[in-house]
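Data first, discussion second: the structure below is written as structure tokens.
The values are calculated or read from the model by the stated rules, or taken from the named source; none is laboratory data. Please read all numbers here as calculations on a predicted model, not as lab measurements. Cβ: placed from backbone, ideal geometry, glycine included. Neighbour counts: every protein chain shown.
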């Protein structure tokens, strides 16, 4: 009987250790800095964390997950401290996820397993409730007074895991904007859609008699033909971003879907000479792959490079690839990710050909 209890206790400890270690590893997959920063922007910022606080909290939290995953496998203060601390963390997660589900519904990923294993809040709640139940069972299986009492094992493992996360993904200063903003040679011709400005020193052309002007041209003011000029968030990277019709690509250089989207846009430009100019903002993750990105796309476009945090803000916490169609700085349509909001060429072709009156 005692042997069976020990076997069950060992199995539960192994399962809990696996879940915590998997959760911690998933939060630094596929690249530690990129994954942790994404976790901060998508999970911590909406909770009210500032950029500075989120950076420290995320690494500490993941470090503690690593530590608990390891400490559950040893016997020092196992029943007295490790199991209760593990249950406490899970209960806090359950409370947070429950509030989030009630407030925002059961949509999106909870971030428990990062981008490795997307999980809805309800799925995460069920997983955590089962884990708490297993820990309660484990607590009852382990006889009181059987813990070893080397406290230095707990502190050493915990601080080593937390410090390791700060070393693995050091907090980085925000990168300055870099890239190419000048006209570049591309595989397709570009057509300027903004009419040239009229020099005030030139001779004023002779007015056309009213009898020769179509009624529609008289009744509709020129200002109504296009949206009023406004300042978009992309104008800080490209001087021409808010001038006329523009397509803004929000891509990660190493993202296969981003490369395919850029290739599709190049093919569209080859068939539609009046397609708006494409401007690209890259996430600085895997920036060395930018030449490969343009090679796959079939053309090179003006681009800027921004840090991960800034990038997620520009894509409005959506997913890559992101494509924005805007006119005079006014966002007409934004596509992102590879699911229901993914970029569709037919939608862009339909939108950019429509007069402004039909877009209101």
Query raised in the report: Among (1) farther than 29 Å from residue 7 by Cβ; (2) modelled with pLDDT under 95; (3) surrounded by 17 or more Cβ atoms within 10 Å (Cβ to Cβ), which single condition is residue 122 missing?
Result: (3)
Report task. Being in contact (Cβ under 8 Å) with a residue 24 or more places away in the chain and either surrounded by fewer than 16 Cβ atoms within 10 Å (Cβ to Cβ) or over 19 Å from residue 75 (Cα atoms) (or both) is the filter here, so list the residues in region 7-24 that pass it. Result -> 8, 14, 15, 18, 22, 23, 24
Query raised in the report: Somewhere in region 293-305, is a residue under 23 Å from residue 43 (Cα atoms) and assigned to a strand (DSSP E or B)?
Result: no
Query raised in the report: Does residue 150 satisfy the condition of being touching a strand residue (DSSP E or B) at 6+ places or on another chain (Cβ under 7 Å) and touching a residue at least 24 places away in the same chain (Cβ under 8 Å)?
Result: yes
Report task. Go through (1) under 19 Å from the mean Cα position of the chain (by Cα); (2) surrounded by 15 or more Cβ atoms within 10 Å (Cβ to Cβ); (3) not in a loop (DSSP other than H, G, I, E, B) and name the single condition residue 285 misses. Result -> (3)
Requested in this report: Identify the single condition in (1) surrounded by fewer than 20 Cβ atoms within 10 Å (Cβ to Cβ); (2) farther than 17 Å from residue 343 by Cα; (3) at pLDDT below 95 that residue 308 does not satisfy, given that it satisfies every other one.
Outcome: (1)
Requested in this report: Can you tell me which residue within region 71-84, out of those that are crowded, with 18+ Cβ neighbours inside 10 Å and in a helix (DSSP H, G or I), is farthest from the chain's Cα centre (by Cα)?
Outcome: 79
Query - Failed item in (1) crowded, with 17+ Cβ neighbours inside 10 Å; (2) more than 19 Å from the chain's Cα centre (by Cα); (3) closer than 27 Å to residue 33 by Cα, with residue 352 passing the rest - result: (3)
Query raised in the report: Can you tell me which residues in region 25-54 are loosely packed, with under 14 Cβ neighbours inside 10 Å and within 15 Å of the chain's Cα centre (by Cα)?
Result: 30, 46
Query raised in the report: If residue 103 passes every condition in (1) modelled with pLDDT of 90 or more; (2) farther than 16 Å from residue 16 by Cβ but one, which one does it miss?
Result: (1)
